[in-house]
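A.B. asks: Can you keep this structure in mind? I'll have questions shortly.
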């Protein structure tokens, strides 16, 4: 049976606009990005009309291993021969096995609660902080993003939550990377502090080198939980299994999702220290997720961790990151509107001089064979998240096509004013 190509491209767009989201269909039409994914394999997407494009968006890390990674697909197929999602109330061999393997990559972590998506996992992390401490206050970064669900939304940027107020009380924002502001905000009423290790939607600003050491000290002084959202930065994206390893600090809670799915079955995890499990001991069913830790998904996630844990895998991420870094530095020196390259491994943000450049670059990338988007909370930044399986020829492709993108942008600065009115 064929699952793509049953409708023409225009029929798909029309049906999507009619039954799913007319606003999204209109947005992509205005942007000139009428991409309808059909075939997908490795680092590549093919449009329904046959056009080939490199995926440097990866859905925020869902496709860290590329599309339809052969080992992942084979593992998934075998799992379906004998498993289904399982029953979330019961003891599960496959959740236990995945938990053991996942926690082995996180020093100090001994417990895990599974969910379906990152927002749900963040929700539980905040429940954990409040349940354990008996406090209500949560401190988070201005311009950060943790998902669109309840508590996660309350810890997000104003643009996502304004329409849905009143939200959960007790959330206080501070500038990301500002240890002095954090120290003033965290007090005896603070249950937890939550940050994305490097905030993707804020434009990938790198924290000061000693920032997380100060976060750890402040949380310890005030008895608050240190929660790190590694949904996008984790699972090898920065050249280490977890981005926080670059900063030499052990948090109390790590949240992961997206890439854990292998791109084929949704799963998320909130991992934490054993000592914080006390309030759940009193009521083990106080938090449940019907599809969280689905058994077929657990088998896939184990294979994901196995692949990323291979020494040559992370070595390749570091090597490809260095190769792209050298090329991006050349572009920065050539084009005066590029202000900064923000990079850890293959987690890359190109910071430009005007908020309109991000959307302009996103359109230009699409026209030049790359799928990449701007950071929604800082539109002056173009995000580059290529699959972690890229090789030298793929890095060369990215740099060659980015050269064309930058040349286009430098020649069409007249478009910036029009874009400013739209973003």
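A.B. asks: How would you rank 53, 227, going from fewest to most other Cβ atoms within 10 Å of each one's own Cβ?
C.D. replies: 53, 227
A.B. asks: Now, a different point. Taking the chain as a Gaussian network, where each spring joins two C-alpha atoms under 10 Å apart, which residue of 181, 409, 375 fluctuates the most?
C.D. replies: 181
A.B. asks: Okay, next question. Specify the residue with the greatest mean-square fluctuation among 231, 43, 249, computed from a Gaussian network of the chain linking alpha-carbon atoms under 10 Å apart.
C.D. replies: Top of the fluctuation ranking is 249.
A.B. asks: Restricting to bridges with both residues inside the chain, how much of the DSSP beta-bridge set is antiparallel, in percent to the nearest 5?
C.D. replies: Approximately 60 percent, going by the DSSP bridge assignments.
A.B. asks: Another one. Could you calculate the FRET efficiency of residue 188 with residue 24 from 1/(1 + (r/R0)^6), where r is the beta carbon distance between them and R0 is 35 Å, rounded to 0.05?
C.D. replies: The computed FRET efficiency comes out at 0.20.
A.B. asks: Kindly put 379, 149, 4, 238 in sequence by how many other C-beta atoms sit within 10 Å of each C-beta, fewest to most.
C.D. replies: 4, 149, 379, 238
A.B. asks: The stretch 46-113 to the stretch 144-180: how many Å between their Cα centroids?
C.D. replies: Each part reduced to its Cα centre gives a spacing of 28 Å.
A.B. asks: Can you check how the C-alpha radius of gyration of the chain compares to 2.2 N^0.38 Å, as a plain ratio? Don't skip to the end; give the middle numbers.
C.D. replies: Numbers: Rg = 21.4 Å, N = 423, 2.2 N^0.38 = 21.9 Å.
Output field value: 0.98.
A.B. asks: A further question on this structure: Just want to confirm a number: the relative contact order over the chain, from Cα pairs under 8 angstrom separated by 6+ residues, in percent.
C.D. replies: Normalised by residue count, the contact order of the chain is 20 percent.
A.B. asks: Still on this model: Under the rule a/c < 1.5 gives rounded, and otherwise a/b versus b/c splits prolate from oblate, where does the stretch 369-409 land using the Cα gyration tensor?
C.D. replies: oblate
A.B. asks: Using a Gaussian network for the chain with springs between C-alpha atoms less than 10 Å apart, which of these wobbles most: 36, 304, 122?
C.D. replies: Among 36, 304, 122, the largest GNM mean-square fluctuation belongs to 36.
A.B. asks: Based only on other Cβ atoms within 10 Å, what is the fewest-to-most ordering of 16, 276? It would help to have the intermediate numbers written out before the result.
C.D. replies: Values: 16 15, 276 18.
Placing the least packed residue first, the sequence is 16, 276.
A short reminder: the numbers here are calculations on the coordinates, not readings from a lab. These numbers were taken from a predicted model, which means no experiment stands behind them. Every residue, glycine among them, receives a Cβ derived from its backbone with ideal geometry; neighbour counts consider all protein chains shown.
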